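Worksheet for the structure shown next.
The values are calculated or read from the model by the stated rules, or taken from the named source; none is laboratory data. Keep in mind that this is a model prediction, so the values were computed, not measured. Positions of Cβ are generated from backbone atoms using ideal geometry, with glycine treated the same way; all protein chains shown enter the neighbour counts. The accessibility values were calculated without ligands, DNA or RNA, using every heavy atom of the protein model including side chains. Shrake-Rupley method; radii C 1.70, N 1.55, O 1.52, S 1.80 Å.
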Amino acid sequence: MLPLPNLDDQEFIDILEESKKLIPRYAPQWTDENVHDPGITFLELFAWLKEMQQYYMDQISQKSKYKFLKLLGVKPFCASPSKINVEVEFKSMKPCILLPQKLKFLAEDIHFEIEKEVKLYNNIIEKIIVVNEGIFKDVTNINIDREIAYYAFGKNPKVGNEIYIGMHNPLWLKDKVSIFFHIYDEYNIKRNKIPRDFEKLAQINWKIYGNQEGKEDWYSLEILEDDTHSFLQSGNITFKEVPHIEQERRCLFEKEELYWIKGELHQSFYDVSPKIEKVSFNVFEAIQKNTYCEYIDVPMQNLEQGMVKIDSYLGIYGDTQVQMKVKDHEWIFVDEFVKKDIDEKNNVCIIEIDKKIINKMNLLDQSWWRMIHYDKEFKQKRIIGESNGLPNQIIELPDKEIVYDDFQLQVGRINEEHQYIWEDWEKVEDLETSKPRDSHYMLDEDLGIIQFGDNEHGKIPYIGQQNIAVIAYGISNGEQGNIKTKDLMIVSNEEYIEEIKANNCGLIQIGKDKETIEEAKLRMEKELNGSYRAITEVDYENIVLSTPGLRIARVKVLSLYRPGLLGYPNKKAENCITLVVVPYSDEERPILNKMQKLNIQKYINEYRLITTEVHVMSPKYIGITVYGEVVVKPYYRNGIESIKKELKKFLNPIDSIHQKNQWQFGDTVHRGKLYDLVNGLGCIEYVKRLSISASGTEFHKNSNGDIEIPYYGLAYFKECYIEMVVDE
């Protein structure tokens, strides 16, 4: 790496003195060099200017830092909006209500909107019963209050345990329906993000009580999508439609007839027993942004009898303009051939296109329609300016904090046939690599400005009046969108809005402001130091700790070791790595189950060298029992409890809170250290005798009475038998 030159290597006084030394050479007649001389004043002024120039020349500008990051493949992240779960409660008797995509919610003065169409069903959960080894427990009252959580399948989940959900109304089985489960997740070690190909730790079979061909029984429900991954995290479980089953009421508990579904635990390899805070209907995601304008491209073959149905909120309640594609990235407006109607029953807008223009479009090579929907109040803002024909033109947008990925614009021009053509322009990070004919522009979403090229790096837009317009536009509050407000107000004039109540039931994605250059630099340094290949022991440890879907408490990497190898480390297994993994668990001495091993092995295989043989195992726990006789000080009570407490704290294999006070893998348990520990307690006068023993296998007691444990072993406190004697 080339050394950076120091351009700011002179101070003001040094520059001034060096200038004074040149006076006799260039102006021998100048003899008065005192501070009152006007010439000296000018020298001081130019010395100060030179020092300032040197200082600024020695700095690296933000623009240069951005280019350096780009060379390293790092780009500062754009601002990201927050996401929340919205729960809707019914106040009417309507069986269902359809909410269009982009429907807006207001939390104080912050907008949220749903990204896809949501169908709400009018249903109430009346009962929740947990069955643990045949014992029924009603947890309905706990389910109402999210401050308390209850075990879904008991504290020790076993195959065959069940959870029953009793409903006031039957499920809407003619359509897919979702039930949301709020899963307790306040643990010291957070679960790593669960991927789609995750090997599930459990399997829950869902059934519904109903009538099929005159026979009442429990019938299987097919899961379409399980966001919870069998109760590992909060999310919706979506069931596939089953129109052939007629649901029946059944008296299951306390002589109350309800419509029931149940989940039966078919396979259980949980790390911690899942706890539920609440079970709800009608919970969906909303993203913190306010979309003013959007467009939808529709291919010709998707038009049914010249019509297209749009389920977007802006399409239904906003204004619409339609464009027809004439060439690549070139469009013309055909509003005079378009008719728009609202289907209030199905909550969609229907756009009908005249057959004359459709027949004309069939003659074109590329047949596409573009539906541009925008808020009625945004109509005047959609045209953001006009080209002045000058290079590097900058145009201010109506707002700041623009959603970068949602922004798109068009530039209008008149073609040879005197038609007004609207051309799609491409948004780029910078214009330095753009060619003279590239239709590129830059967007600074924070400042709310766009910049065009100079005909060398990106072309200058065509000169015209009001010929620069946005076709996609939205704003977000970034970090300020991380709200705690519970009540949400739906922004709509529809009658059904008054019949439902919306609540914010928790953040699922934290909103962030745009990443600064310095933050991107720190992230780059962290990424460069990250583990992308399993080479060193630290690489293996970091990779295992980040295994998707799992909570890992501790990892010990044993190089050149294979399970069962005797004489290690003097004897070695070539090209072998053994990972001793402690999973996070409710148990005091956690052991890996087969599904956890499978996920770790599957994940580490993506990073290991092809010639390396990797083994995954649980630690060997060695129980330590302490024997002895101690003299206690007068008037002290509960001495044995104090000794047990300190020994358990010292011989602790898992410290999931601080990860500091825990026994190290393979450390010998020295009798002398335990002697000093007990002798140092405030209630102990002195220790008369003390010895230790161990339970289990694969340990060795040496001649000093110390317990030597294997490299993959962890010591824990088992019991103590200490006689207390009062010093008379």
Counted residues in the stretch 356-376 being farther than 13 Å from Val298 by Cα and at pLDDT 80 or above come to 4
Kindly indicate the residue of the stretch 165-180 that is more than 16 Å from Ser280 (Cβ to Cβ) and touching a strand residue (DSSP E or B) at 6+ places or on another chain (Cβ under 9 Å) and also most open to solvent (accessible area, probe 1.4 Å) among those meeting that condition.
-> Lys176
May I ask you to list the residues in the stretch 582-607 that are more than 18 Å from Asp539 (Cα to Cα) and surrounded by fewer than 17 Cβ atoms within 10 Å (Cβ to Cβ)?
-> Asp586, Glu587, Glu588, Arg589, Ile591, Asn593, Lys594, Leu598
Among all residue pairs at least 6 apart or on different chains, which show Cβ distances below 9 Å where the first residue, located in the stretch 154-169, is farther than 11 Å from Tyr270 by Cα and the second is open to solvent by 50 Å² or more (accessible area, probe 1.4 Å) and of a type in the set (A, V, I, L, M)?
-> Gly154/Ile135; Met167/Ile124; His168/Ile124; Asn169/Ile124
Out of the stretch 372-388, which residues are open to solvent by 20 Å² or more (accessible area, probe 1.4 Å) and in a loop (DSSP other than H, G, I, E, B)?
-> Asp375, Lys379, Gln380, Lys381, Glu386, Asn388
Those residues that are open to solvent by 50 Å² or more (accessible area, probe 1.4 Å), part of a strand (DSSP E or B) and within 25 Å of Trp172 (Cβ to Cβ), I need them from the stretch 248-279; list them, please.
-> Arg250, Cys251, Glu256, Glu257, Glu264
Answer residue from the stretch 48-102, given it is over 30 Å from Tyr295 (Cα atoms) and at pLDDT 90 or above and is most open to solvent (accessible area, probe 1.4 Å) among those | Trp48
Has the stretch 492-507 got at least one residue that is surrounded by 17 or more Cβ atoms within 10 Å (Cβ to Cβ), β-branched (Val, Ile, Thr), touching an Asp or Glu at 6+ places or on another chain (Cβ under 8 Å) and closer than 30 Å to Pro95 by Cβ?
-> yes
Residues being over 25 Å from Gly511 (Cβ atoms), part of a strand (DSSP E or B) and either touching a residue at least 60 places away in the same chain (Cβ under 8 Å) or open to solvent by 50 Å² or more (accessible area, probe 1.4 Å) (or both): count how many of those fall in the stretch 296-335.
-> 17
Sole residue being free of Cβ contacts under 8 Å to residues at least 12 places away in the same chain, among the hydrophobic types (A, V, I, L, M, F, W, C) and surrounded by fewer than 17 Cβ atoms within 10 Å (Cβ to Cβ), chosen from Ile535, Ile610 | Ile610
Of all residues in the stretch 512-564, count the ones that are hydrophobic (A, V, I, L, M, F, W, C) and either in a helix (DSSP H, G or I) or closer than 30 Å to Val403 by Cα (or both).
-> 9
Output for the stretch 216-233, where each listed residue is hydroxyl-bearing (Ser, Thr, Tyr) and either open to solvent by less than 50 Å² (accessible area, probe 1.4 Å) or at pLDDT below 90 (or both) | Tyr219, Thr228, Ser230
Every listed condition ((1) outside any strand (DSSP E or B); (2) touching a helix residue (DSSP H, G or I) at 6+ places or on another chain (Cβ under 9 Å); (3) open to solvent by less than 50 Å² (accessible area, probe 1.4 Å); (4) closer than 30 Å to Pro436 by Cα) holds for Ile357 save (4)
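Of all residues in the stretch 392-424, which are open to solvent by less than 70 Å² (accessible area, probe 1.4 Å) and either over 13 Å from Asn467 (Cα atoms) or not in a strand (DSSP E or B) (or both)?
Gln393, Leu397, Pro398, Asp399, Ile402, Val403, Tyr404, Asp406, Phe407, Gln408, Asn415, Gln419, listed by residue number.
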Of the residues Ile624, Ile640, which is touching a residue at least 40 places away in the same chain (Cβ under 8 Å), in a strand (DSSP E or B) and either buried (at least 17 other Cβ atoms within 10 Å of the Cβ) or not acidic (Asp, Glu) (or both)?
-> Ile624
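Just to be sure before I move on: is Leu647 assigned to a helix (DSSP H, G or I) and either among the aromatic types (Phe, Trp, Tyr) or open to solvent by 50 Å² or more (accessible area, probe 1.4 Å) (or both) in the structure I sent? Spell out the reasoning first.
Details: assigned to a helix (DSSP H, G or I): yes; either among the aromatic types (Phe, Trp, Tyr) or open to solvent by 50 Å² or more (accessible area, probe 1.4 Å) (or both): no.
Taking the combined requirement at face value, the residue does not satisfy it.
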Positions within the stretch 627-637 being under 29 Å from Tyr711 (Cβ atoms) and crowded, with 18+ Cβ neighbours inside 10 Å, in sequence order | Gly628
Within the stretch 538-576, residues within 30 Å of Leu232 (Cα to Cα) and open to solvent by 60 Å² or more (accessible area, probe 1.4 Å) come out as Val538, Glu541, Asn542, Leu545, Lys556
Would you please name the residue that is nearest to Asn188 (Cα to Cα), looking only at residues in the stretch 653-678 that are modelled with pLDDT under 90 and of a type in the set (S, T, N, Q)?
-> Ser656
Of all residues making up the stretch 22-38, the number that are surrounded by 10 or more Cβ atoms within 10 Å (Cβ to Cβ) and closer than 17 Å to Phe12 by Cβ = 2
Could you tell me which residue of the stretch 682-728 is farthest from Val582 (Cα to Cα), considering only residues that are open to solvent by less than 30 Å² (accessible area, probe 1.4 Å) and outside any strand (DSSP E or B)?
-> Cys683
Under the condition of being open to solvent by less than 30 Å² (accessible area, probe 1.4 Å) and over 19 Å from Cys505 (Cβ atoms), which residue from the stretch 140-156 is modelled with the highest pLDDT?
-> Phe153
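Could you run through the stretch 64-87 and say how many residues are small (Gly, Ala, Ser) and part of a helix (DSSP H, G or I)?
Residues flagged as small (Gly, Ala, Ser) and part of a helix (DSSP H, G or I) within the stretch 64-87 amount to 1.
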Could you grab the pairs with beta carbons closer than 6 Å, sequence gap of 6+ or different chains, first residue in the stretch 229-258 and in contact (Cβ under 8 Å) with a residue 60 or more places away in the chain and within 15 Å of Gln212 (Cα to Cα), second one open to solvent by 50 Å² or more (accessible area, probe 1.4 Å) and assigned to a strand (DSSP E or B)?
-> Ile245/Gln212
What are the residues in the stretch 303-324 that are within 16 Å of Gln419 (Cβ to Cβ) and more than 38 Å from the chain's Cα centre (by Cα), if any?
-> Met324
Residues of the stretch 565-592 that turn out to be aliphatic (A, V, I, L, M), in a loop (DSSP other than H, G, I, E, B) and closer than 30 Å to Lys275 by Cβ, as a count | 2
